[in-house]
Amino acid sequence: MKPRVYYSRQEMFKLNRDRLLERGVTIEDIAEIAFMQQARYNKNISMRVCIESVEKILSYRDIFHLVQLSIEIDRLAEEGGFRSPIQEIIRADLGMFGIDEVFGLTIAQLYGTIGQTNFGDIDVNKPGIVKRLNEDGKKGDCCHTFLDDVVGAIAAAASTRVAQIISEEEARKDPHFEPMQLPLEWKEEN
Ligand code: MG
């Protein structure tokens, strides 16, 4: 039988959710960062739209591959599965390594320039779960070299999506806004 390589959006979401949970990260943990970031600009955002955004992002194929690969790299590094010298470099979470940030930027890029600057903010200030992952990784029992960036980037993407939803709502409140008939597939957007 041919090995399975294609997964549906629902399956990818579930596989991501379960792998993240295995590593101690919940959807709420990620949504909380998105909420805190957006609450600085918008008074009336809800946790519900942040959670929904994280869930949607976790179902994208590119994100699926990055989340799954990142978690496996961290796990293998914990088990000493790489050869020297990259084993020690990943395990030490070397500041000058930078490939973990490349993964993060790739995820954040999905939501453009704002997504990337939002990721930069989270990467520098390490709110909530990102701080915990970073600290636990540095203590030595576990390796979170890739996970902290991936989680921070999903939060940044979700926060940017929330900002886009709010912008759309604002646009529709404008007296000049004229609704028009949209193609069916547009309704699934964001
Ligand atoms: Mg990192």
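The values are calculated or read from the model by the stated rules, or taken from the named source; none is laboratory data. Since this is a predicted model, take the numbers as computed values, not measurements. We place every Cβ from the backbone using ideal geometry, glycine too, and count neighbours over all the protein chains shown. Accessible surface areas use protein heavy atoms only, side chains included; no ligands, DNA or RNA. Shrake-Rupley method; radii C 1.70, N 1.55, O 1.52, S 1.80 Å.
From the residues in the range 99-131 that are more than 14 Å from the chain's Cα centre (by Cα) and within 13 Å of the ligand (Cβ to nearest atom), which one is nearest to residue 29 (Cα to Cα)?
Only one residue fits best here, namely 131.
The conditions are (1) over 12 Å from residue 107 (Cα atoms); (2) without any contact (Cβ under 8 Å) to a residue 60 or more places away in the chain; (3) within 13 Å of the ligand (Cβ to nearest atom), and residue 139 fails exactly one of them. Which is it?
All conditions pass for residue 139, except number (3).
Report, ordered by the first and then the second residue, all pairs with beta carbons closer than 7 Å, sequence separation of six or more or different chains, a first member in the range 162-187 that is of a type in the set (A, V, I, L, M, F, W, C) and modelled with pLDDT of 95 or more, and a second member that is assigned to a helix (DSSP H, G or I) and open to solvent by 70 Å² or more (accessible area, probe 1.4 Å).
Note: pairs meeting the criteria are 163/114.
Quickly run through the range 65-108 and pick out the residues that are more than 19 Å from residue 21 (Cα to Cα) and of a type in the set (S, T, N, Q).
84, 87, 106, listed by residue number.
State all residues of the range 69-111 that are more than 19 Å from residue 140 (Cα to Cα) and either of a type in the set (Phe, Trp, Tyr) or surrounded by fewer than 20 Cβ atoms within 10 Å (Cβ to Cβ) (or both); if no residue qualifies, say none.
69, 98, 99, 101, 102, 103, 105, 106, 109, 110, 111
Looking at the range 31-49, I want the residues that are β-branched (Val, Ile, Thr) and have a partner that is assigned to a loop (DSSP other than H, G, I, E, B) with Cβ atoms under 9 Å, at least 6 apart or on another chain. Which pairs are those?
33/127
Condition (residue is of a type in the set (S, T, N, Q), out of contact with any Phe, Trp or Tyr (no Cβ under 8 Å at 6 or more places or on another chain), under 17 Å from residue 153 (Cβ atoms) and at pLDDT 95 or above) applied to the range 13-20: is it met by at least one residue?
No: the range 13-20 contains no residue that is of a type in the set (S, T, N, Q), out of contact with any Phe, Trp or Tyr (no Cβ under 8 Å at 6 or more places or on another chain), under 17 Å from residue 153 (Cβ atoms) and at pLDDT 95 or above.
Kindly indicate whether residue 141 is at pLDDT below 95, among the charged types (D, E, K, R) and in contact with a Gly (Cβ under 9 Å, 6 or more places away or on another chain).
So residue 141 fails the test.
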